Amino acid sequence: MLSTNTTLFSATAVTNTLRDIRPPVEIASGWRWFWWGLACAVVAGLVYWAWRYWQKRRGEVPLVPVVPAHVVAKQRLEEALALLGQPREFCILVSDTVRWYLEERFDFRAPERTTEEFLYELKATDLLMPDQKESLGEFLKSCDLVKFARYEPREPELRELHASAVRLVEETEPVETELADAQAEEGVGVGPSAEKSEIRNPKSEIR
């Protein structure tokens, strides 16, 4: 009897030490790796195509045409004629156009200078000929009389100031071919290579 109980106890102890059967381990199929690799290749291809497309589009962005300073100045001076009935506004536009033109034409930056300071710095350079510097000084001072001293010139005086500004632009504009001028008027850029740094001899003084 004792032997039987011992046997049953031993069998129960062995049974209690047994673990449950583990679930089957899934073995990855070779096809799954294939599809994963293919998906990665497609994504990489799309990214590369998008990058190349963006690079191509960026290279096709049209450049903003560069209009020469003398062309812009002449256009502004032509627009100023509509202000002949408003002497102060007329002189502000004409004098500002001349100063802007000289700064752009000769890369001479003095936007915050007074007329005296502007002329003083300009005289220290060789950007203009002596007669042009003197005449420019008279022109800007005449404009200042209208802008700040409440002087009201008549239309003939205003037209003379306008003609002086136009002459200054024409005398100092870069020498270009007729084709380059035509392209500039049509809004086609004219590069630096199309310009010469020559300054035309003044045909007449700016009055």
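The values are calculated or read from the model by the stated rules, or taken from the named source; none is laboratory data. This is a predicted model, so every value here is computed, not measured. Glycine also receives a Cβ, built like all others from the backbone with ideal geometry; neighbour counts cover every protein chain displayed.
So which of W36, W31, W100 is surrounded by 10 or more Cβ atoms within 10 Å (Cβ to Cβ) and at pLDDT below 85?
That would be W36, the only listed residue that is surrounded by 10 or more Cβ atoms within 10 Å (Cβ to Cβ) and at pLDDT below 85.
Checking E152 against (1) over 20 Å from R167 (Cα atoms); (2) buried (at least 17 other Cβ atoms within 10 Å of the Cβ); (3) in contact (Cβ under 8 Å) with a residue 60 or more places away in the chain, which single condition isn't satisfied?
(2)
Quick one: count up the residues across segment 144-157 that are part of a helix (DSSP H, G or I), in contact with a Cys (Cβ under 9 Å, 6 or more places away or on another chain), of a type outside the set (D, E, K, R) and under 15 Å from G85 (Cα atoms).
The number of residues fulfilling the criteria is 1.
Take segment 103-122 and flag every residue that is of a type in the set (A, V, I, L, M, F, W, C) and under 16 Å from D144 (Cβ atoms).
A110, F118, L119, L122
Can we say R113 is more than 21 Å from R76 (Cα to Cα) and within 29 Å of the chain's Cα centre (by Cα)?
Here the answer is yes, as R113 does meet what is asked.
With respect to L77, determine if the residue is under 26 Å from the mean Cα position of the chain (by Cα) and touching a residue at least 24 places away in the same chain (Cβ under 8 Å).
When the stated conditions are applied, L77 passes them.
Pairs needed: first member in segment 96-119, among the hydrophobic types (A, V, I, L, M, F, W, C); second member anywhere, assigned to a helix (DSSP H, G or I) and loosely packed, with under 15 Cβ neighbours inside 10 Å; C-beta distance under 7 Å; at least 6 residues apart or different chains.
Here the result reads A110/E121, each pair linking segment 96-119 to a residue that is assigned to a helix (DSSP H, G or I) and loosely packed, with under 15 Cβ neighbours inside 10 Å.
Restricting attention to segment 75-97, and to residues there that are of a type in the set (A, V, I, L, M) and in a helix (DSSP H, G or I), which single residue is surrounded by the fewest Cβ atoms within 10 Å (Cβ to Cβ)?
Looking at residues that are of a type in the set (A, V, I, L, M) and in a helix (DSSP H, G or I), I get A82.
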